[in-house]
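Notes to accompany the following structure.
The values are calculated or read from the model by the stated rules, or taken from the named source; none is laboratory data. Computed from a predicted model, the values in this text were never measured in an experiment. Positions of Cβ are backbone-derived with ideal geometry, glycine not excepted, and every protein chain shown enters the neighbour counts. Protein only, heavy atoms only, side chains kept; ligands, DNA and RNA dropped before computing areas. Shrake-Rupley method; radii C 1.70, N 1.55, O 1.52, S 1.80 Å.
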Amino acid sequence: MERQILKARWVFPVERPPLEHAVVEVEGSHITAVYAGDHPQAVDLGNTAIIPGLINAHTHLEFSDLENPLGPVAPFTDWIRSVMKSRFESSTSVEPKIRKGIQECLESGTTCIGEIATSVASLHLFAQNRQVPHAVVFRECLGFSADRISEQERIADQFFEEIPDQAESHLIQLGLSPHAPYSVHPDLYLSLVNEARNQVAPVAVHLAETQAELDFLERKQGPFVKLLTELGLWDPNILREDVRMFDYLAPLAELTSALAVHGNYFGEIEIEFLRQAPQISVVYCPRTHHYFGHTPHPWLRMIERGINVAIGTDSRASNPDLSLWNELQFLRENFSEISPDLILECGTLAGARALGLSQDVGSITIGKRADLALVQLPDGSKSSTGSDLLLNAQSHVARVMLNGGWVN
């Protein structure tokens, strides 16, 4: 079993404070030691920081071929129309797009991905070899009309039969994604959550992404009604009179792991519920949130309440790239009062918790997998702390280790 002894100017274990002039020891695919100090056989990596591999808790890799985000951004339903057009008019098969997205994520320091999939393609691509990130693949299901329910239930059932033989060794898990309240019939939503509970599988659902979504649920009006009417899917009797966003959160508390994706417009009722439901994590996508010009996200208020908040990139349909590192630097630039250590935790250990993988990844801890990112720090600033240097605008991910092996 190969042993590697790595020394860096800083090591960020995440589960404990940063270590200056520290060593990480790796045997095979796992971390065996982390300490401040030196070792006579250590490989000196110079002016760098070793951090856990980043965890992108939410993305849609099928759009990874887009050079620029889609528009228009308002109303949001017009952006959805653009997404539908991009998906259905593309002449390129989905596999090369997903491959491109996987590679982009890996090169920018991401070693674990929460992927929303519209087919089994990404599942099998993640299982091909050990040189791709670990993944939780959520099969997306859509169908707002009652006549789509049985078909989508069948798709969900079949998806759990697709788990590859390599899944356990590659750290691949399967889940379901009932897309959103405006695209999934309430009965289908509950059926899919029940299926995930029976399979002991996680669920990811887009919730409270826009104010228009709240108008749709609570008042049965707004641009989502217009969109569904255009598609021939609108029936006002589908939604009961007193339905609220809370009604979509509550069933998720019955699962061992669930992701409430976006949560841009969660109010006090939802936040208080999440505080009491630790199995539900919120996934905040900072640059996508900024792209659409939403009101300030309540992520800090959620963290203060003890809610687990992970970070995602969403897709290239709303983001210029799939770099979670860029997401963290964006947060540092826009929330300079927030500790970089907390921001790093959101992009690592919090993501592992959200995906139900915190026993294996998310921190530099003895026994966990050796999934690491090597960050090149800016020259000078010898008196600066590691936290000050880590998310500096000049810092960048230089190398990535996955399962104990360097992949670039």
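The longest stretch of the chain left intact once loop-based trypsin sites (Lys or Arg not before Pro) with at most 11 other Cβ atoms within 10 Å are removed from consideration, loops following DSSP, is 1-239. Other residues within the sphere of radius under 14 Å centred on the Cβ of Arg305, judged by their own Cβ, net out at -2 (K and R +1, D and E -1).
Working from label points 7 Å from Cα in the Cα-to-Cβ sense, the Ile163 to Ala33 distance is 3.7 nm. Only Cα pairs under 8 Å and 6+ residues apart enter the sum, and on that basis the relative contact order of the chain stands at 22 percent. Its relative contact order, with pairs defined as Cα atoms under 8 Å and 6+ residues apart, puts the stretch 257-370 at 24 percent. Average accessible surface for the chain: 39 Å² per residue, computed with a 1.4 Å probe over protein heavy atoms with every protein chain in place.
For Leu125, neighbours were defined as the other residues whose beta-carbon sits under 14 Å from its Cβ, and their charges (Lys and Arg +1, Asp and Glu -1) total -1.
The 3J(HN,Hα) values that the Karplus relation (6.51, -1.76, 1.60; θ = phi - 60°) gives for the stretch 129-135 are, in residue order, 7, 7, 9, 10, x, 5, 7 Hz. Gly and Pro appear as x. Note on the stretch 54-355: Kirkwood hydrodynamic radius from all Cα pairs is 19.2 Å, rounded to one decimal.
Rounded to whole Å, the principal axis extents of the Cα atoms in the stretch 285-362 read 34, 26, 18, largest first.
Charge tally around Val137: other residues with Cβ under 13 Å, Lys/Arg +1 each, Asp/Glu -1 each, net -3. Coupling constants for the stretch 351-361 follow from the phi torsions by the Karplus curve (6.51 cos²θ - 1.76 cosθ + 1.60, θ = phi - 60°), and in residue order they are x, 5, 4, 4, 8, x, 10, 5, 6, 10, 9 Hz; glycine and proline get x.
The Cα-based radius of gyration and maximum Cα-Cα distance (Dmax) for the stretch 10-157 are 20.7, 68 Å.
When a 1.4 Å probe is rolled over the protein heavy atoms, the share of accessible surface on the chain that falls to carbon and sulfur comes to 49 percent. Computed over the stretch 177-253, the Cα gyration tensor eigenvalues convert (square root of 5λ each) into semi-axes of 23, 13, 11 Å, ordered from largest to smallest. When the charge dipole of the chain is built from unit charges on Cβ atoms (+1 for Lys and Arg, -1 for Asp and Glu) and taken about the Cα centre, the candidate among Pro340, Pro40, Gln279 whose Cα reaches farthest toward its positive end is Pro40. Close amide H pairs (under 5 Å, H built 1.01 Å from N) link Ala74 with no residue at least 5 positions away or on another chain. Here the Karplus curve 6.51 cos²θ - 1.76 cosθ + 1.60, taken at θ = phi - 60°, turns the phi angles of the stretch 401-408 into couplings of 10, 10, 6, x, x, 5, 9, 7 Hz, with x standing for Gly and Pro. For the stretch 228-297 versus the stretch 1-71, the spacing of their alpha-carbon centroids is 33 Å.
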